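Since the structure comes first, as C-alpha coordinates, the remarks are kept for the end.
The values are calculated or read from the model by the stated rules, or taken from the named source; none is laboratory data. It should be emphasised that the depicted structure is a prediction, and the values quoted were computed from it without experimental measurement. All Cβ positions, glycine included, derive from the backbone under ideal geometry; neighbour counts span all protein chains shown. Heads up: the accessible areas ignore ligands, DNA and RNA and are worked out on the full protein's heavy atoms, side chains in. Shrake-Rupley method; radii C 1.70, N 1.55, O 1.52, S 1.80 Å.
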Amino acid sequence: MPVRQYGIYIAYPPTVDLRAEGLGRHLAMFLKGAQALADIQFTIVCPSWSRQTLEVLFESELLAPQFFKIMAPSKKPYALRIFEAIRAHRSRPVRQRRFARFYKWVANTNARLWQRLTKRAVAVHDMASLLIFLAESVFLLALLTPVLCLALPFAALLFFWRTLQLTANSLPVTFHRQWQSLRSKAFAVLASPQQENWVLRLYDEMHKYEMRRMQAIIATLTDVRAWYCPTAFWPGFHDIKAPRLLCVPDVVLSDFPVAYSAIGDNRFLSTFEAVGRAIRAGEHFVTYSETVKWNTLVDRYAVTAANVTVIPHAPNALNGHVEVLGFPDGEARSRLYCQSLLLGALQRSANTSYCATFANGEVKFLFYASQFRPNKNVLMLLRSFEHLLRKAYLGHKLVLTGYPADMPEIGQFVREHRLVNDVIFLSGLSISELAACYKLADLAVNPSLSEGGCPFTFAEALSVGTPVVMSRIAVTEEVLADPQCQEVTLFDPFDWRDCAKRIQWAIKHRQHCLAIQRKIYDQLKERTWRHVVEEHVRVLDQISVDASGS
(Lines give C-alpha, C1' and ligand atoms only; values in the text may rest on other atoms or scores of the structure.)
Protein backbone atom coordinates (compact mmCIF):
# COMPACT_ATOMS: atom_id res chain seq x y z
CA MET A 1 0.00 0.00 0.00
CA PRO A 2 1.55 3.36 -1.02
CA VAL A 3 2.10 5.86 1.77
CA ARG A 4 0.42 9.23 1.31
CA GLN A 5 2.51 12.22 2.32
CA TYR A 6 1.16 15.35 4.02
CA GLY A 7 2.95 18.39 5.36
CA ILE A 8 2.59 20.36 8.60
CA TYR A 9 3.83 23.95 8.68
CA ILE A 10 5.15 25.31 12.02
CA ALA A 11 6.70 28.80 12.22
CA TYR A 12 6.89 29.91 15.85
CA PRO A 13 9.41 32.70 16.58
CA PRO A 14 12.62 32.07 18.57
CA THR A 15 12.57 31.09 22.28
CA VAL A 16 9.00 29.71 22.15
CA ASP A 17 8.86 26.38 23.99
CA LEU A 18 6.16 24.27 22.35
CA ARG A 19 5.86 22.16 25.49
CA ALA A 20 4.22 25.18 27.16
CA GLU A 21 1.90 25.88 24.22
CA GLY A 22 -1.54 24.35 23.80
CA LEU A 23 -0.76 24.02 20.11
CA GLY A 24 2.32 21.94 20.90
CA ARG A 25 0.35 19.43 22.92
CA HIS A 26 -2.44 19.41 20.32
CA LEU A 27 0.14 18.64 17.62
CA ALA A 28 1.57 15.79 19.72
CA MET A 29 -1.90 14.26 20.17
CA PHE A 30 -2.59 14.70 16.44
CA LEU A 31 0.57 12.79 15.48
CA LYS A 32 -0.23 10.13 18.06
CA GLY A 33 -3.51 9.54 16.29
CA ALA A 34 -1.67 9.36 12.96
CA GLN A 35 0.43 6.46 14.26
CA ALA A 36 -2.62 4.22 13.94
CA LEU A 37 -2.83 4.91 10.18
CA ALA A 38 -0.22 2.88 8.34
CA ASP A 39 -0.79 4.46 4.91
CA ILE A 40 -0.03 8.10 5.78
CA GLN A 41 3.01 10.04 6.94
CA PHE A 42 3.39 13.66 8.03
CA THR A 43 6.43 15.83 7.38
CA ILE A 44 6.81 18.78 9.73
CA VAL A 45 8.72 21.77 8.40
CA CYS A 46 9.74 24.19 11.12
CA PRO A 47 12.39 26.87 11.87
CA SER A 48 15.86 25.75 12.87
CA TRP A 49 15.25 26.87 16.45
CA SER A 50 12.08 24.75 16.83
CA ARG A 51 13.51 21.36 15.88
CA GLN A 52 14.95 20.56 19.31
CA THR A 53 11.91 21.64 21.30
CA LEU A 54 9.69 19.57 18.97
CA GLU A 55 11.88 16.51 19.45
CA VAL A 56 11.79 16.92 23.24
CA LEU A 57 8.01 17.39 23.18
CA PHE A 58 7.44 14.30 21.03
CA GLU A 59 9.80 12.22 23.16
CA SER A 60 7.91 13.19 26.31
CA GLU A 61 4.66 12.16 24.60
CA LEU A 62 6.19 8.79 23.63
CA LEU A 63 5.73 9.40 19.91
CA ALA A 64 7.37 6.88 17.59
CA PRO A 65 9.66 8.86 15.23
CA GLN A 66 9.16 6.54 12.26
CA PHE A 67 5.63 7.90 11.73
CA PHE A 68 6.71 11.48 11.00
CA LYS A 69 9.67 13.53 9.82
CA ILE A 70 10.96 16.87 11.05
CA MET A 71 12.72 19.05 8.50
CA ALA A 72 14.25 22.44 9.28
CA PRO A 73 17.03 24.75 8.04
CA SER A 74 20.33 23.23 9.09
CA LYS A 75 21.75 25.90 11.41
CA LYS A 76 20.38 28.62 13.66
CA PRO A 77 21.26 32.24 12.90
CA TYR A 78 24.47 33.35 14.61
CA ALA A 79 22.69 36.18 16.46
CA LEU A 80 20.30 33.68 18.05
CA ARG A 81 23.14 31.35 18.99
CA ILE A 82 24.98 34.19 20.74
CA PHE A 83 21.81 35.22 22.58
CA GLU A 84 21.11 31.65 23.71
CA ALA A 85 24.72 31.20 24.84
CA ILE A 86 24.60 34.38 26.94
CA ARG A 87 21.26 33.41 28.47
CA ALA A 88 22.51 29.89 29.23
CA HIS A 89 25.60 31.38 30.85
CA ARG A 90 23.45 33.69 32.99
CA SER A 91 21.10 30.89 34.05
CA ARG A 92 23.80 28.40 35.01
CA PRO A 93 24.05 27.43 38.70
CA VAL A 94 26.18 29.85 40.67
CA ARG A 95 29.52 28.24 41.34
CA GLN A 96 32.65 29.48 43.01
CA ARG A 97 35.11 30.69 40.37
CA ARG A 98 38.38 28.88 39.86
CA PHE A 99 40.50 31.78 41.05
CA ALA A 100 38.45 32.09 44.22
CA ARG A 101 38.80 28.35 44.86
CA PHE A 102 42.56 28.54 44.27
CA TYR A 103 42.91 31.53 46.59
CA LYS A 104 40.91 29.73 49.27
CA TRP A 105 43.11 26.64 48.92
CA VAL A 106 46.29 28.71 49.30
CA ALA A 107 44.93 30.45 52.38
CA ASN A 108 43.86 27.17 54.02
CA THR A 109 47.21 25.51 53.21
CA ASN A 110 49.12 28.44 54.65
CA ALA A 111 47.03 28.34 57.84
CA ARG A 112 47.61 24.62 58.32
CA LEU A 113 51.37 24.90 57.74
CA TRP A 114 51.71 27.87 60.08
CA GLN A 115 49.79 25.98 62.74
CA ARG A 116 52.09 22.97 62.31
CA LEU A 117 55.26 25.11 62.57
CA THR A 118 54.07 26.94 65.68
CA LYS A 119 53.31 23.64 67.37
CA ARG A 120 56.82 22.40 66.53
CA ALA A 121 58.42 25.68 67.67
CA VAL A 122 56.92 25.64 71.14
CA ALA A 123 57.99 21.99 71.53
CA VAL A 124 61.74 22.76 71.07
CA HIS A 125 63.57 21.96 74.34
CA ASP A 126 67.06 20.74 73.39
CA MET A 127 69.59 20.72 70.57
CA ALA A 128 68.14 17.61 68.93
CA SER A 129 64.57 18.97 68.83
CA LEU A 130 65.91 22.32 67.53
CA LEU A 131 67.72 20.61 64.65
CA ILE A 132 64.57 18.62 63.78
CA PHE A 133 62.52 21.82 63.82
CA LEU A 134 64.98 23.67 61.55
CA ALA A 135 65.17 20.75 59.11
CA GLU A 136 61.41 20.50 58.88
CA SER A 137 61.11 24.27 58.41
CA VAL A 138 63.61 24.24 55.54
CA PHE A 139 61.81 21.30 53.92
CA LEU A 140 58.42 23.00 54.12
CA LEU A 141 59.91 26.24 52.80
CA ALA A 142 61.30 24.36 49.79
CA LEU A 143 57.84 22.94 49.11
CA LEU A 144 56.15 26.32 49.48
CA THR A 145 58.47 28.30 47.23
CA PRO A 146 56.89 27.14 43.90
CA VAL A 147 53.40 27.69 45.32
CA LEU A 148 54.34 31.20 46.44
CA CYS A 149 55.78 31.98 43.00
CA LEU A 150 52.43 31.04 41.45
CA ALA A 151 50.29 32.64 44.13
CA LEU A 152 51.95 36.05 44.14
CA PRO A 153 50.87 36.99 40.56
CA PHE A 154 47.34 35.87 41.35
CA ALA A 155 47.43 37.94 44.52
CA ALA A 156 48.55 40.93 42.47
CA LEU A 157 45.67 40.40 40.04
CA LEU A 158 43.25 40.14 42.93
CA PHE A 159 44.59 43.41 44.37
CA PHE A 160 44.26 45.11 40.96
CA TRP A 161 40.68 43.83 40.47
CA ARG A 162 39.68 44.95 43.94
CA THR A 163 41.13 48.39 43.24
CA LEU A 164 39.04 48.63 40.08
CA GLN A 165 35.90 47.69 42.02
CA LEU A 166 36.57 50.34 44.65
CA THR A 167 37.20 52.89 41.90
CA ALA A 168 33.93 51.98 40.16
CA ASN A 169 32.04 52.28 43.44
CA SER A 170 33.54 55.73 44.00
CA LEU A 171 32.32 57.04 40.62
CA PRO A 172 29.55 59.65 40.60
CA VAL A 173 26.22 58.31 41.85
CA THR A 174 24.45 59.21 38.60
CA PHE A 175 26.85 57.12 36.50
CA HIS A 176 26.59 54.21 38.93
CA ARG A 177 22.80 54.29 38.78
CA GLN A 178 22.87 54.38 34.98
CA TRP A 179 25.14 51.36 34.94
CA GLN A 180 22.89 49.45 37.32
CA SER A 181 19.83 50.38 35.23
CA LEU A 182 21.52 49.21 32.02
CA ARG A 183 22.58 45.98 33.72
CA SER A 184 19.03 45.33 35.01
CA LYS A 185 17.56 45.93 31.55
CA ALA A 186 20.04 43.53 29.96
CA PHE A 187 19.14 40.80 32.47
CA ALA A 188 15.42 41.46 31.90
CA VAL A 189 15.87 40.97 28.15
CA LEU A 190 17.70 37.70 28.76
CA ALA A 191 14.99 36.46 31.14
CA SER A 192 11.92 37.52 29.07
CA PRO A 193 12.85 38.62 25.54
CA GLN A 194 9.19 38.45 24.48
CA GLN A 195 8.48 41.45 26.72
CA GLU A 196 10.79 43.80 24.78
CA ASN A 197 9.43 45.39 21.61
CA TRP A 198 12.85 46.01 20.05
CA VAL A 199 13.77 42.34 20.59
CA LEU A 200 10.50 41.27 18.98
CA ARG A 201 11.26 43.48 15.96
CA LEU A 202 14.61 41.74 15.58
CA TYR A 203 12.86 38.40 15.95
CA ASP A 204 10.41 39.41 13.21
CA GLU A 205 13.26 40.11 10.80
CA MET A 206 14.99 36.85 11.74
CA HIS A 207 11.64 35.09 11.33
CA LYS A 208 11.17 36.43 7.78
CA TYR A 209 14.55 35.16 6.65
CA GLU A 210 13.95 31.81 8.34
CA MET A 211 10.62 31.34 6.56
CA ARG A 212 12.39 31.87 3.24
CA ARG A 213 14.77 29.06 4.17
CA MET A 214 11.77 26.91 5.10
CA GLN A 215 10.15 27.65 1.74
CA ALA A 216 13.28 26.38 0.00
CA ILE A 217 12.87 23.08 1.88
CA ILE A 218 9.15 22.88 1.13
CA ALA A 219 9.81 23.41 -2.60
CA THR A 220 11.81 20.16 -2.64
CA LEU A 221 8.99 18.10 -1.07
CA THR A 222 7.12 17.40 -4.28
CA ASP A 223 5.60 14.17 -2.93
CA VAL A 224 3.55 16.04 -0.29
CA ARG A 225 -0.07 16.03 -1.43
CA ALA A 226 -1.31 18.92 0.73
CA TRP A 227 -0.15 21.13 3.62
CA TYR A 228 -1.75 21.80 6.98
CA CYS A 229 -1.04 24.76 9.28
CA PRO A 230 -2.40 24.33 12.85
CA THR A 231 -2.83 28.07 13.53
CA ALA A 232 -3.43 31.33 11.66
CA PHE A 233 -0.42 33.26 12.99
CA TRP A 234 1.77 32.79 9.92
CA PRO A 235 0.72 34.35 6.56
CA GLY A 236 3.90 32.85 5.05
CA PHE A 237 2.01 29.55 4.95
CA HIS A 238 0.23 30.82 1.82
CA ASP A 239 3.54 31.11 -0.05
CA ILE A 240 3.46 27.32 -0.42
CA LYS A 241 2.63 26.35 -4.01
CA ALA A 242 0.44 23.38 -3.12
CA PRO A 243 -3.04 22.74 -1.66
CA ARG A 244 -3.25 24.28 1.83
CA LEU A 245 -5.56 23.79 4.82
CA LEU A 246 -5.46 26.50 7.50
CA CYS A 247 -6.67 25.84 11.04
CA VAL A 248 -8.21 28.78 12.91
CA PRO A 249 -8.67 27.73 16.56
CA ASP A 250 -9.90 31.22 17.54
CA VAL A 251 -9.06 34.90 17.15
CA VAL A 252 -8.95 36.08 20.76
CA LEU A 253 -7.07 39.25 19.82
CA SER A 254 -10.22 40.56 18.16
CA ASP A 255 -12.42 39.38 21.05
CA PHE A 256 -10.31 41.21 23.68
CA PRO A 257 -8.62 44.08 21.84
CA VAL A 258 -8.42 46.47 24.81
CA ALA A 259 -6.92 43.90 27.17
CA TYR A 260 -4.31 42.77 24.66
CA SER A 261 -3.42 46.34 23.65
CA ALA A 262 -2.49 47.05 27.27
CA ILE A 263 0.24 44.38 27.18
CA GLY A 264 3.61 45.46 25.82
CA ASP A 265 2.38 48.56 23.94
CA ASN A 266 1.37 47.45 20.41
CA ARG A 267 3.27 44.20 20.18
CA PHE A 268 0.05 42.20 19.66
CA LEU A 269 -1.14 44.51 16.88
CA SER A 270 1.25 42.96 14.36
CA THR A 271 0.08 39.49 15.42
CA PHE A 272 -3.55 40.50 14.95
CA GLU A 273 -2.75 41.92 11.50
CA ALA A 274 -0.87 38.72 10.59
CA VAL A 275 -3.89 36.60 11.58
CA GLY A 276 -6.16 38.79 9.44
CA ARG A 277 -3.84 38.49 6.43
CA ALA A 278 -3.61 34.71 6.87
CA ILE A 279 -7.39 34.29 7.00
CA ARG A 280 -8.05 36.63 4.08
CA ALA A 281 -5.43 34.84 1.95
CA GLY A 282 -6.76 31.39 2.84
CA GLU A 283 -9.21 29.29 0.88
CA HIS A 284 -9.79 26.13 2.91
CA PHE A 285 -10.21 26.21 6.69
CA VAL A 286 -10.69 23.90 9.62
CA THR A 287 -11.70 24.83 13.16
CA TYR A 288 -12.63 23.06 16.39
CA SER A 289 -16.18 24.31 17.01
CA GLU A 290 -19.30 25.56 15.28
CA THR A 291 -19.06 28.72 17.41
CA VAL A 292 -15.75 29.74 15.88
CA LYS A 293 -16.86 28.74 12.40
CA TRP A 294 -19.95 30.93 12.36
CA ASN A 295 -19.16 33.76 14.79
CA THR A 296 -15.54 34.28 13.77
CA LEU A 297 -14.82 32.99 10.27
CA VAL A 298 -18.18 33.42 8.55
CA ASP A 299 -19.57 36.51 10.31
CA ARG A 300 -16.39 38.46 11.08
CA TYR A 301 -14.10 37.52 8.19
CA ALA A 302 -16.74 36.72 5.55
CA VAL A 303 -15.34 33.26 4.83
CA THR A 304 -17.61 31.04 2.74
CA ALA A 305 -19.23 28.56 5.11
CA ALA A 306 -18.73 25.65 2.68
CA ASN A 307 -14.96 26.17 2.90
CA VAL A 308 -14.87 25.68 6.68
CA THR A 309 -14.85 22.20 8.20
CA VAL A 310 -15.48 21.74 11.92
CA ILE A 311 -13.34 18.97 13.43
CA PRO A 312 -13.69 18.83 17.24
CA HIS A 313 -10.89 17.72 19.54
CA ALA A 314 -10.64 14.25 20.95
CA PRO A 315 -10.14 13.99 24.73
CA ASN A 316 -6.54 14.40 25.83
CA ALA A 317 -5.86 11.73 28.48
CA LEU A 318 -3.00 12.09 30.97
CA ASN A 319 -3.49 8.98 33.09
CA GLY A 320 -0.84 7.02 31.19
CA HIS A 321 1.86 9.40 32.47
CA VAL A 322 1.21 8.71 36.16
CA GLU A 323 -0.31 5.22 36.38
CA VAL A 324 1.75 2.63 38.25
CA LEU A 325 0.83 -0.85 37.03
CA GLY A 326 1.65 -4.34 38.22
CA PHE A 327 1.00 -3.78 41.94
CA PRO A 328 -2.09 -4.60 44.02
CA ASP A 329 -1.95 -1.10 45.53
CA GLY A 330 -1.38 0.64 42.21
CA GLU A 331 -3.48 3.69 43.09
CA ALA A 332 -1.55 4.35 46.30
CA ARG A 333 1.77 3.97 44.49
CA SER A 334 0.54 6.26 41.73
CA ARG A 335 -0.24 8.96 44.29
CA LEU A 336 3.19 8.58 45.87
CA TYR A 337 4.78 8.93 42.44
CA CYS A 338 2.69 12.01 41.75
CA GLN A 339 3.67 13.52 45.09
CA SER A 340 7.34 13.07 44.26
CA LEU A 341 6.78 14.80 40.91
CA LEU A 342 4.92 17.65 42.60
CA LEU A 343 7.61 18.20 45.23
CA GLY A 344 10.24 18.20 42.49
CA ALA A 345 8.29 20.81 40.51
CA LEU A 346 7.92 22.97 43.62
CA GLN A 347 11.69 23.37 43.72
CA ARG A 348 11.37 25.44 40.52
CA SER A 349 8.55 27.61 41.77
CA ALA A 350 8.82 31.39 41.44
CA ASN A 351 8.49 31.60 45.24
CA THR A 352 11.70 29.75 46.10
CA SER A 353 11.87 31.13 49.65
CA TYR A 354 8.65 29.27 50.49
CA CYS A 355 8.65 26.28 48.15
CA ALA A 356 12.32 25.26 48.38
CA THR A 357 11.70 23.55 51.72
CA PHE A 358 8.09 22.55 51.02
CA ALA A 359 7.73 18.85 51.88
CA ASN A 360 3.98 18.29 52.25
CA GLY A 361 2.95 15.98 49.43
CA GLU A 362 -0.59 15.83 50.87
CA VAL A 363 -1.21 19.56 50.41
CA LYS A 364 -4.72 20.41 49.20
CA PHE A 365 -4.91 22.69 46.18
CA LEU A 366 -6.90 23.94 43.22
CA PHE A 367 -5.25 23.71 39.82
CA TYR A 368 -5.47 25.84 36.67
CA ALA A 369 -3.16 24.85 33.81
CA SER A 370 -2.85 27.74 31.39
CA GLN A 371 -0.60 30.48 30.13
CA PHE A 372 -1.36 33.99 31.35
CA ARG A 373 -3.29 35.93 28.71
CA PRO A 374 -6.16 38.42 29.02
CA ASN A 375 -8.78 35.93 27.84
CA LYS A 376 -7.70 33.38 30.47
CA ASN A 377 -9.46 35.41 33.20
CA VAL A 378 -6.86 34.68 35.88
CA LEU A 379 -7.55 37.83 37.93
CA MET A 380 -11.19 36.82 38.37
CA LEU A 381 -10.06 33.41 39.63
CA LEU A 382 -7.60 35.06 42.04
CA ARG A 383 -10.35 37.26 43.44
CA SER A 384 -12.59 34.24 43.95
CA PHE A 385 -9.76 32.32 45.61
CA GLU A 386 -8.91 35.24 47.92
CA HIS A 387 -12.55 35.36 49.03
CA LEU A 388 -12.65 31.60 49.64
CA LEU A 389 -9.39 31.72 51.57
CA ARG A 390 -10.23 34.69 53.80
CA LYS A 391 -14.03 34.56 54.13
CA ALA A 392 -14.92 30.89 53.62
CA TYR A 393 -11.71 29.62 55.30
CA LEU A 394 -10.85 27.29 52.42
CA GLY A 395 -7.78 25.30 53.43
CA HIS A 396 -6.39 25.02 49.91
CA LYS A 397 -3.67 26.59 47.83
CA LEU A 398 -4.03 27.66 44.21
CA VAL A 399 -1.47 26.28 41.72
CA LEU A 400 -1.07 28.10 38.39
CA THR A 401 1.22 27.17 35.49
CA GLY A 402 1.74 30.56 33.84
CA TYR A 403 4.73 32.90 33.99
CA PRO A 404 3.91 35.88 36.28
CA ALA A 405 6.07 38.16 34.11
CA ASP A 406 3.65 37.67 31.18
CA MET A 407 0.97 39.66 33.03
CA PRO A 408 2.53 41.75 35.84
CA GLU A 409 -0.89 42.61 37.27
CA ILE A 410 -1.26 38.99 38.37
CA GLY A 411 1.89 39.11 40.48
CA GLN A 412 0.84 42.52 41.79
CA PHE A 413 -2.56 41.18 42.89
CA VAL A 414 -0.89 38.26 44.70
CA ARG A 415 1.50 40.57 46.55
CA GLU A 416 -1.07 43.22 47.45
CA HIS A 417 -3.49 40.64 48.86
CA ARG A 418 -0.77 38.77 50.76
CA LEU A 419 -1.24 35.56 48.77
CA VAL A 420 2.45 34.94 48.10
CA ASN A 421 2.46 31.67 50.05
CA ASP A 422 -1.04 30.63 48.93
CA VAL A 423 -0.76 31.06 45.14
CA ILE A 424 2.04 28.93 43.67
CA PHE A 425 3.35 29.45 40.15
CA LEU A 426 4.69 26.25 38.56
CA SER A 427 5.69 27.16 35.04
CA GLY A 428 7.57 24.91 32.64
CA LEU A 429 6.01 21.64 33.83
CA SER A 430 6.80 18.41 32.02
CA ILE A 431 3.89 16.27 30.81
CA SER A 432 4.31 13.91 33.77
CA GLU A 433 4.40 16.80 36.25
CA LEU A 434 1.29 18.29 34.65
CA ALA A 435 -0.51 14.96 34.99
CA ALA A 436 0.63 14.70 38.63
CA CYS A 437 -0.74 18.16 39.44
CA TYR A 438 -4.08 17.28 37.88
CA LYS A 439 -4.27 14.00 39.79
CA LEU A 440 -3.36 15.44 43.19
CA ALA A 441 -5.58 18.52 42.90
CA ASP A 442 -8.89 18.46 44.77
CA LEU A 443 -10.39 20.39 41.89
CA ALA A 444 -9.34 21.66 38.46
CA VAL A 445 -10.59 25.13 37.49
CA ASN A 446 -10.81 26.86 34.11
CA PRO A 447 -12.23 30.43 34.19
CA SER A 448 -11.34 31.23 30.54
CA LEU A 449 -13.52 33.72 28.67
CA SER A 450 -12.73 32.32 25.23
CA GLU A 451 -11.46 29.06 23.78
CA GLY A 452 -11.26 27.64 20.28
CA GLY A 453 -12.46 24.21 21.34
CA CYS A 454 -13.57 22.63 24.59
CA PRO A 455 -10.71 23.39 27.01
CA PHE A 456 -8.23 20.58 27.60
CA THR A 457 -8.98 20.98 31.31
CA PHE A 458 -12.11 18.81 31.30
CA ALA A 459 -10.64 15.70 29.69
CA GLU A 460 -7.20 16.00 31.27
CA ALA A 461 -8.59 16.30 34.78
CA LEU A 462 -11.22 13.56 34.40
CA SER A 463 -8.66 11.19 32.88
CA VAL A 464 -6.82 11.13 36.24
CA GLY A 465 -9.95 11.19 38.41
CA THR A 466 -10.21 14.89 39.31
CA PRO A 467 -13.47 16.87 38.96
CA VAL A 468 -13.61 20.20 37.11
CA VAL A 469 -15.42 23.52 37.22
CA MET A 470 -15.30 25.75 34.13
CA SER A 471 -16.65 29.00 32.78
CA ARG A 472 -19.92 29.02 30.92
CA ILE A 473 -18.88 29.98 27.39
CA ALA A 474 -20.40 29.00 24.05
CA VAL A 475 -17.70 26.52 23.05
CA THR A 476 -17.91 24.65 26.35
CA GLU A 477 -21.70 24.48 26.27
CA GLU A 478 -21.45 23.14 22.72
CA VAL A 479 -19.35 20.17 23.88
CA LEU A 480 -20.81 19.67 27.37
CA ALA A 481 -24.42 19.79 26.27
CA ASP A 482 -25.83 17.62 29.09
CA PRO A 483 -27.91 19.88 31.41
CA GLN A 484 -26.96 18.00 34.59
CA CYS A 485 -23.26 18.22 33.73
CA GLN A 486 -23.59 21.93 32.99
CA GLU A 487 -25.33 22.50 36.33
CA VAL A 488 -22.48 21.03 38.40
CA THR A 489 -19.63 22.21 36.18
CA LEU A 490 -20.21 25.69 34.79
CA PHE A 491 -20.13 29.16 36.38
CA ASP A 492 -20.48 32.73 35.14
CA PRO A 493 -16.95 33.83 34.14
CA PHE A 494 -17.83 37.50 34.73
CA ASP A 495 -18.98 36.97 38.33
CA TRP A 496 -16.24 36.09 40.84
CA ARG A 497 -18.88 35.30 43.45
CA ASP A 498 -20.49 32.68 41.22
CA CYS A 499 -17.04 31.20 40.54
CA ALA A 500 -16.30 31.03 44.28
CA LYS A 501 -19.70 29.48 44.94
CA ARG A 502 -19.18 26.79 42.28
CA ILE A 503 -15.68 25.95 43.57
CA GLN A 504 -16.91 25.68 47.15
CA TRP A 505 -19.83 23.48 46.14
CA ALA A 506 -17.67 21.18 43.98
CA ILE A 507 -15.16 20.63 46.78
CA LYS A 508 -17.93 19.84 49.26
CA HIS A 509 -19.69 17.48 46.80
CA ARG A 510 -16.58 16.21 45.08
CA GLN A 511 -17.66 12.60 44.52
CA HIS A 512 -21.11 13.58 43.28
CA CYS A 513 -19.60 16.05 40.83
CA LEU A 514 -17.04 13.47 39.71
CA ALA A 515 -19.68 10.80 39.08
CA ILE A 516 -21.73 13.09 36.80
CA GLN A 517 -18.71 14.33 34.87
CA ARG A 518 -17.26 10.85 34.40
CA LYS A 519 -20.38 9.81 32.46
CA ILE A 520 -19.82 12.66 30.01
CA TYR A 521 -16.09 11.96 29.83
CA ASP A 522 -16.77 8.29 29.02
CA GLN A 523 -18.93 9.44 26.12
CA LEU A 524 -16.36 11.95 24.88
CA LYS A 525 -13.47 9.50 24.93
CA GLU A 526 -15.23 7.29 22.41
CA ARG A 527 -13.85 9.83 19.95
CA THR A 528 -10.12 9.24 19.52
CA TRP A 529 -7.31 11.22 17.94
CA ARG A 530 -7.32 8.68 15.13
CA HIS A 531 -10.81 9.94 14.24
CA VAL A 532 -9.49 13.52 14.32
CA VAL A 533 -6.61 12.66 11.97
CA GLU A 534 -8.86 10.71 9.59
CA GLU A 535 -11.20 13.69 9.29
CA HIS A 536 -8.28 16.04 8.60
CA VAL A 537 -6.89 13.65 5.98
CA ARG A 538 -10.27 13.51 4.21
CA VAL A 539 -10.24 17.29 3.91
CA LEU A 540 -6.59 17.32 2.78
CA ASP A 541 -7.34 14.66 0.16
CA GLN A 542 -10.38 16.59 -1.08
CA ILE A 543 -8.54 19.89 -1.54
CA SER A 544 -5.71 17.98 -3.22
CA VAL A 545 -8.14 16.42 -5.70
CA ASP A 546 -9.86 19.79 -6.28
CA ALA A 547 -6.49 21.45 -6.96
CA SER A 548 -5.49 18.80 -9.49
CA GLY A 549 -8.85 19.06 -11.25
CA SER A 550 -9.35 15.30 -11.30
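Just by accessible area at a 1.4 angstrom probe, what is the order of Tyr337, Tyr6, Tyr521 from largest to smallest?
The residues order as Tyr337, Tyr521, Tyr6, largest area first.
Given the pairs Lys69/Lys376; Lys76/Lys376; Lys293/Lys508; Lys32/Lys76, which are separated by over 30 angstrom at their Cα positions? Correct reply: Lys69/Lys376; Lys76/Lys376; Lys293/Lys508. Among Trp227, Trp505, the sequence by solvent-accessible area, most first, with a 1.4 Å probe is Trp505, Trp227. Computed from the C-beta positions of Leu134 and Asn421 and an R0 of 51 Å, the FRET efficiency is 0.20 to the nearest 0.05.
Magnitude of the charge dipole for the stretch 276-337, about its Cα centre and with charges confined to Cβ atoms of Lys, Arg (+1) and Asp, Glu (-1), is about 320 debye. Under a Cβ-Cβ cut-off of 10 Å, what is the net charge of the residues other than Phe491 that fall near it, where Lys and Arg count +1 and Asp and Glu count -1? Around Phe491, the charge tally is +1. Think of a 1.4 Å ball rolled over the protein heavy atoms: the stretch 362-465 then has 32 Å² of accessible area per residue. When the Cα gyration tensor is reduced to axis lengths a ≥ b ≥ c, the ratio a/c stays below 1.5 for the stretch 351-473, which is therefore classed as rounded. Given a 1.4 Å probe and the protein chains as shown, Tyr403 ends up with an accessible area of around 110 Å². Accessible surface for Glu55 stands near 90 Å², nearest 10, in the context of the full protein assembly shown (1.4 Å probe).
Taking a ≥ b ≥ c as the square roots of the Cα gyration tensor eigenvalues, the stretch 335-387 comes out prolate, since a/c reaches at least 1.5 and a/b is larger than b/c.
Rounded, prolate or oblate: pick one for the stretch 209-248, where a ≥ b ≥ c are the square roots of the eigenvalues of its C-alpha gyration tensor, a/c under 1.5 means rounded, and failing that, prolate if a/b is larger than b/c, else oblate. If you can, show how the numbers build up before the last one.
On the way: a/c = 2.47, a/b = 1.15, b/c = 2.15.
Taking the square roots of the gyration eigenvalues as a ≥ b ≥ c, the stretch 209-248 is oblate.
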